[in-house]
Amino acid sequence: MRLAGRYEHTGADVLLMRTIGIRDLVLGLGIVAAARSDDLSDVRRWTATALASDSLDVAASLASSRSIGKRDSWSAAILALTFVCGDLHADAYLQFEAMLTAAWESASQYGCALVGMLGLLGPSDL
């Protein structure tokens, strides 16, 4: 709220900033906890939730241009849009990692079967 510089902070301003901070903290902790669980579907679910939240922040920022002015509205929207881009980048990375993992598992499964069929290794080597 200090960037706008038009008036003193009110209790409602402070409460709004705290609730936004709490929401972002919860989303971040959820993503970190999911990442530590080694389950990509959990990480992708939390990343999708953050993407939805950040996208709605962009929309809300643009929709508030009449009440806070175009400059502040666009500034808030651009800031939220940077987080949307980060969310999209993280999701693309997770999709790529899932694809590589599936390809590696498939290749190693068929690769071991092929080597075994060719008789290059004994059963104990597989």
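Key figures for this structure:
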| read-out | value |
| --- | --- |
| Cross-chain or 6+ apart pairs with Cβ under 8 Å, segment 76-92 first and more than 13 Å from Ala52 (Cβ to Cβ), then among the polar types (S, T, N, Q) and not in a helix (DSSP H, G or I) | Ala76/Ser64 |
| Total residues in segment 42-59, condition more than 12 Å from the chain's Cα centre (by Cα) and free of Cβ contacts under 8 Å to residues at least 12 places away in the same chain | 2 |
| Set Val43, Val58: member being under 23 Å from Ile22 (Cβ atoms), modelled with pLDDT under 90, part of a helix (DSSP H, G or I) and aliphatic (A, V, I, L, M) | Val43 |
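Yes/no per residue for (1) at pLDDT 85 or above; (2) not charged (D, E, K, R):
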position	(1), (2)
Ser65	yes, yes
Leu94	yes, yes
Ala98	no, yes
Glu105	no, no
Ser108	no, yes
Cys112	no, yes
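The values are calculated or read from the model by the stated rules, or taken from the named source; none is laboratory data. These figures come from a predicted structure and were not determined experimentally. Here Cβ is always computed from backbone atoms with ideal geometry, including for glycine, and neighbour counts include all displayed protein chains.
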